[in-house]
Amino acid sequence: YASAAQPSPVLIKFSGNDSLIEQCASEGPFIGINADLEYDTHLVEFTKGNSFLTYSDALIETRNDKGVFMGEEGICTYITDLISTLKPKKVFNTLIQYFNKNYAKNLTDDLTIVNIINVGGKWNGLL
């Protein structure tokens, strides 16, 4: 994967009680500001059952009714609380529901959230 001035993606490794999350590296300038820019690429182990969550800054920079941002640390904490009991798709859906309930009414920016889940099959490797 490569990042272009976006928040750090999250790799979720599901394995029952030993599930964990990893905040992945994120650096690089915005896409399109200069045609000659280069971007670092990163590899992460992406095996069956793992989930790779990437999102725009609106997810972490929208305030709740108390004026508090979720932030990258808040997302990681929230997901960590969920992964021992929920399946990958349920974690994503629960995160969306949580955002909609607590933050969406204060949203002033475009919001994009992408969750890629490795369900197995022929490909099983690096992302």
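The values are calculated or read from the model by the stated rules, or taken from the named source; none is laboratory data. Please read all numbers here as calculations on a predicted model, not as lab measurements. Note that we place each Cβ from the backbone using ideal geometry, even for glycine, and neighbour counts take in every protein chain shown. Only protein heavy atoms, including side chains, enter the accessible area calculation; ligands, DNA and RNA are left aside. Shrake-Rupley method; radii C 1.70, N 1.55, O 1.52, S 1.80 Å.
Restricted to strands (runs of 3 or more DSSP E) entirely inside the stretch 1-76, those with at least 2 residues that are within 17 Å of Tyr98 (Cα to Cα) are 51-55.
Entry remark, the stretch 105-127: residues being in a loop (DSSP other than H, G, I, E, B) and either at pLDDT 85 or above or open to solvent by 100 Å² or more (accessible area, probe 1.4 Å) (or both) number 10 in total.
When the stretch 10-60 is limited to residues that are buried (at least 17 other Cβ atoms within 10 Å of the Cβ) and hydroxyl-bearing (Ser, Thr, Tyr), the one that is farthest from Lys87 (Cα to Cα) turns out to be Ser26. In this structure, Thr80 does satisfy being closer than 17 Å to Ser15 by Cα and hydroxyl-bearing (Ser, Thr, Tyr). The set of residues in the stretch 27-67 being touching a Pro at 6+ places or on another chain (Cβ under 7 Å) and either modelled with pLDDT under 80 or among the aliphatic types (A, V, I, L, M) (or both) consists of Leu37, Leu53, Ile60.
Could you please let me know if Thr80 is assigned to a helix (DSSP H, G or I), open to solvent by 40 Å² or more (accessible area, probe 1.4 Å) and touching a residue at least 24 places away in the same chain (Cβ under 8 Å)? Criteria met by Thr80.
The single residue among Val68, Val114 that is within 18 Å of Phe46 (Cα to Cα) and of a type in the set (A, V, I, L, M) turns out to be Val114.
The residues of the stretch 24-45 that are within 12 Å of Ala4 (Cα to Cα) and touching a Leu at 6+ places or on another chain (Cβ under 7 Å) amount to a single one, Pro29.
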